[in-house]
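> Starting off with a structure, shown below.
The values are calculated or read from the model by the stated rules, or taken from the named source; none is laboratory data. Because the structure is a prediction, the values reported are computed rather than measured. Neighbour counts are summed over all protein chains in view; Cβ atoms, including those assigned to glycine, are modelled from backbone coordinates with ideal geometry. Each accessible area value is taken on the protein alone, full model and side chains, heavy atoms only, with ligands, DNA and RNA left out. Shrake-Rupley method; radii C 1.70, N 1.55, O 1.52, S 1.80 Å.
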Amino acid sequence: MSEFSSNLLSLFTFLIVFTLAVITYVYDEEQSAVRAIHVQTIKEMAGAGYLDPVVSAYYESQLEKLGFDRSKGPFFIASHKDQNNRATKPVYSQVDPKKNFVSLETRVKPSFSTQMINWLRTGDGDFRYINDRESQYIPFIGG
């Protein structure tokens, strides 16, 4: 009987370790996919000085293709959403955070196992990334 219980205990230990390894792999893959899309979106946002609706729609479709859902509201919450209210690149070191920086928050609802791990780590099941970046947009002044 002791050999049977030893084998059963070894099997349970293997199953637990294997399950944790799979969950960790899925967590890392989902986190890196969302982070890569967030970084690319804020790069394009900084280049244009605002979050273009076409860019937002493209990256939202990429997140949906990867199987992610919206958590609360839209995937992207941007500081500058309007073409007429762009953030501009600082000129002559005149930096005003409201005029020269773009801010982007990306909030995504991952798979169930990833939500549980993220909830244990951060207290929130969703992936949430918030970054500021200096605008690279230089307005054309015709003359």
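> If you scan the stretch 24-55, which residues turn out to be of a type outside the set (S, T, N, Q), more than 18 Å from residue 131 (Cα to Cα) and open to solvent by 40 Å² or more (accessible area, probe 1.4 Å)?
If we filter the stretch 24-55 for residues that are of a type outside the set (S, T, N, Q), which is where we start, we get 25-30, 33-39, 42-55.
Still in the running and more than 18 Å from residue 131 (Cα to Cα): 25-30, 53-54.
Hits for the stretch 24-55 are 25, 26, 28, 29, 53, 54.
> Still on this structure: Hey, could you check the stretch 56-76 for residues that are aliphatic (A, V, I, L, M) and exposed (fewer than 15 other Cβ atoms within 10 Å of the Cβ) and say which is modelled with the lowest pLDDT?
66
> I'd like the residue in the stretch 97-116 that is more than 25 Å from residue 55 (Cα to Cα) and under 16 Å from the mean Cα position of the chain (by Cα) and, out of all such residues, is least open to solvent (accessible area, probe 1.4 Å). Full working, then the answer.
So the first thing to find is which residues in the stretch 97-116 are more than 25 Å from residue 55 (Cα to Cα), and the list is 112-116.
From the residues that got through so far, the ones that are under 16 Å from the mean Cα position of the chain (by Cα) too are 114-115.
Working: 114: 1, 115: 39 Å².
Here the residue is 114.
> Hey, among the residues in the stretch 77-96 that are touching a Ser or Thr at 6+ places or on another chain (Cβ under 9 Å) and not hydroxyl-bearing (Ser, Thr, Tyr), which one's surrounded by the most Cβ atoms within 10 Å (Cβ to Cβ)? Before the answer, list the steps.
Applying the first criterion (touching a Ser or Thr at 6+ places or on another chain (Cβ under 9 Å)) to the stretch 77-96 yields 77-81, 86-90.
Still in the running and not hydroxyl-bearing (Ser, Thr, Tyr): 77-78, 80-81, 86-87, 89-90.
On the way: 77: 15, 78: 20, 80: 23, 81: 14, 86: 15, 87: 25, 89: 14, 90: 14.
The qualifying residue surrounded by the most Cβ atoms within 10 Å (Cβ to Cβ) is 87.
> While we're here: Under 6 Å between Cβ atoms, which residue pairs at least 6 apart in sequence (or on different chains) link something in the stretch 46-62 that is over 12 Å from residue 83 (Cα atoms) with a partner that is not in a helix (DSSP H, G or I)?
46/102; 46/133; 46/135; 46/136; 47/136; 56/76; 60/75
> Any chance the stretch 117-139 includes a residue that's among the small types (Gly, Ala, Ser), open to solvent by less than 50 Å² (accessible area, probe 1.4 Å) and not in a loop (DSSP other than H, G, I, E, B)?
No, the stretch 117-139 has no match at all.
> Against the conditions (1) free of Cβ contacts under 8 Å to residues at least 60 places away in the same chain; (2) within 18 Å of the chain's Cα centre (by Cα), where does residue 89 fall short? Just the number, please.
For residue 89, the exception is condition (2).
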